[in-house]
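Peer 1: Before I ask anything, here is the structure I am working with.
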Amino acid sequence: MASRVGLLLVPYSLVRNPSRARLPYPLPSHHLDRPTYRRFGSSAPLRCPLVWPRQAPSLFAARAMSGSPGKPPYAAELAAAKKAVALAARLCQTVQQEIVQSDIQSKADKSPVTVADYGSQVLVSLALNMEATSGSFSMVAEEDSEDLRKDSAEEILEHITDLVNETLAEDGSYNITLSKEGILSAIDTGKSEGGPSGRHWVLDPIDGTKGFLRGGQYAIALALLDEGKVVLGVLGCPNLPLTLISNLDGSSSGDQTGALFSATIGCGAEVESLEGSPPQKISVCTIDNPVNASFFESYEGAHTMHDLTGSIAEKLGVQAPPVRIDSQAKYGALARGDGAIYLRFPHKGYKEKIWDHAAGAIVVTESGGVVTDASGNDLDFSKGRFLDVDTGIIATNKQLMPSLLKSVQEAIKEKSQAPSPL
């Protein structure tokens, strides 16, 4: 990005020094009445309106978007998404290494949220706006700033602000610094409801928060919806081995970890190192006999009914024990053939969110796999922030899907007819 720094328009009054500018993201309203700007490296003022992509074009001039001649579809958006996820992963790795109890914030639904959740969402929002926004910006994301705006959260907000700015400085791609209000505003760019029209980014800033807190698997999951269809997905899995998973906890005997999965509709799926190794095409396994299959499920018993998945595996004839790991890292592992089946059956009353599956689902389908609900219906991401699915979600290759679906429906029927425990 060093060559593009001259394009960044910054209010003259906010330039602290020639190399670092502080942007409140967005600026307070009193700066919006056609302020004076200058380009980095120039003393000449430049008159133009400041815009924020929720209402108007990005700070950067429009780049080549999907459908450009000679380029794959959504090439610019995919590059931006990979950049955003890798940047967020950098922050998450730092926090996981240094995690302390004071970094954990409790949300209304009692799931733990770390400073990394918020910081990851800020960095993804920033990177997408810098790299891939030519018009209105819409993002459906897990976090909002409500809890951070409370007086009791002042210390954690300060910590998030410091972490984001330290990550930006270390990465060096963007010569900007965010204020606390800028952090809160960036988080709230994820308040879109999505839907069947237009384009919407879909983000889970840390999928698998509990795994993250215990030092296990987690993922930064980012997808793009276009007219209600998922057209690209990126999964950053900092703790997932680059070699095939060989242990039941999702680890491997190999030393290198940190996988970045990506997929674009009609173009297949790839994996590369988070550090930037050459991408490699991936595909789901070709196992057609369930006896030789292994399956992934959630590590946390609160996230899936292990008794039901055990019954499904038994009916199917699977002999291997389940591989239990957190997050959409399971989708990535399935997509490159580490296992043959993924089963997710949340407890009654749980509503699946689109950010928990959008990126992972397209990575699997573009790897040649199939992802459906328990009735065999495709997942519909066009209905807002939640998925309308029947009972659970299953994924496997095309050879195993018919027998898997039959076993799933038999196990569900058997469970529904079983007497309730006293």
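The values are calculated or read from the model by the stated rules, or taken from the named source; none is laboratory data. Since the model is a prediction, treat every value here as computed from it, not as a measurement. A quick note on method: Cβ atoms are made from the backbone with ideal geometry, for glycine too, and the neighbour counts reach across all protein chains shown. Note: accessible area is taken over every heavy atom of the protein model, side chains too, but ligands, DNA and RNA are not part of it. Shrake-Rupley method; radii C 1.70, N 1.55, O 1.52, S 1.80 Å.
Peer 1: In the stretch 180-206, which residues are among the hydroxyl-bearing types (Ser, Thr, Tyr) and either in a loop (DSSP other than H, G, I, E, B) or surrounded by fewer than 20 Cβ atoms within 10 Å (Cβ to Cβ) (or both)? Let's see the steps before the verdict.
Peer 2: Quick first cut of the stretch 180-206, residues among the hydroxyl-bearing types (Ser, Thr, Tyr) only: 185, 189, 192, 197.
Hits for the stretch 180-206 are Ser192, Ser197.
Peer 1: Right, something else. Is there any pair with a first residue in the stretch 77-88 that is under 11 Å from Trp201 (Cβ atoms) and a second that is modelled with pLDDT under 95 and surrounded by 24 or more Cβ atoms within 10 Å (Cβ to Cβ) whose Cβ atoms are under 7 Å apart and which are 6 or more apart or on different chains, and what are they?
Peer 2: Glu77/Ala132; Ala80/Ala132
Peer 1: Pick out the one residue from Thr177, Thr161, Thr167 that is in contact (Cβ under 8 Å) with a residue 40 or more places away in the chain, in a helix (DSSP H, G or I) and not aliphatic (A, V, I, L, M).
Peer 2: Exactly one residue qualifies, and that residue is Thr167.
Peer 1: Which of the strands (runs of 3 or more DSSP E) contained wholly in the stretch 338-422 include at least 1 residues that are free of Cβ contacts under 8 Å to residues at least 24 places away in the same chain? Break it down into steps so the answer makes sense when it comes.
Peer 2: Details: elements: 341-344, 369-373, 393-397.
By residue number, 369-373.
Peer 1: Okay, moving on. Inspect the stretch 127-135 for any residue being touching a strand residue (DSSP E or B) at 6+ places or on another chain (Cβ under 7 Å), open to solvent by less than 30 Å² (accessible area, probe 1.4 Å) and at pLDDT 95 or above and give the result as yes or no.
Peer 2: Of the stretch 127-135, the ones touching a strand residue (DSSP E or B) at 6+ places or on another chain (Cβ under 7 Å) are 128.
In the following step, the residues that additionally are open to solvent by less than 30 Å² (accessible area, probe 1.4 Å) were identified as 128.
Still in the running and at pLDDT 95 or above: 128.
There is at least one residue in the stretch 127-135 that is touching a strand residue (DSSP E or B) at 6+ places or on another chain (Cβ under 7 Å), open to solvent by less than 30 Å² (accessible area, probe 1.4 Å) and at pLDDT 95 or above.
Peer 1: Does the stretch 207-218 include one or more residues that are in contact (Cβ under 8 Å) with a residue 60 or more places away in the chain, over 20 Å from the mean Cα position of the chain (by Cα) and exposed (fewer than 15 other Cβ atoms within 10 Å of the Cβ)? Reasoning before the result, please.
Peer 2: Narrowing the stretch 207-218 to residues in contact (Cβ under 8 Å) with a residue 60 or more places away in the chain: 207-213, 215-218.
So of that shortlist, the ones also over 20 Å from the mean Cα position of the chain (by Cα) come out as none.
Looking for residues that are in contact (Cβ under 8 Å) with a residue 60 or more places away in the chain, over 20 Å from the mean Cα position of the chain (by Cα) and exposed (fewer than 15 other Cβ atoms within 10 Å of the Cβ), one finds none in the stretch 207-218, hence no.
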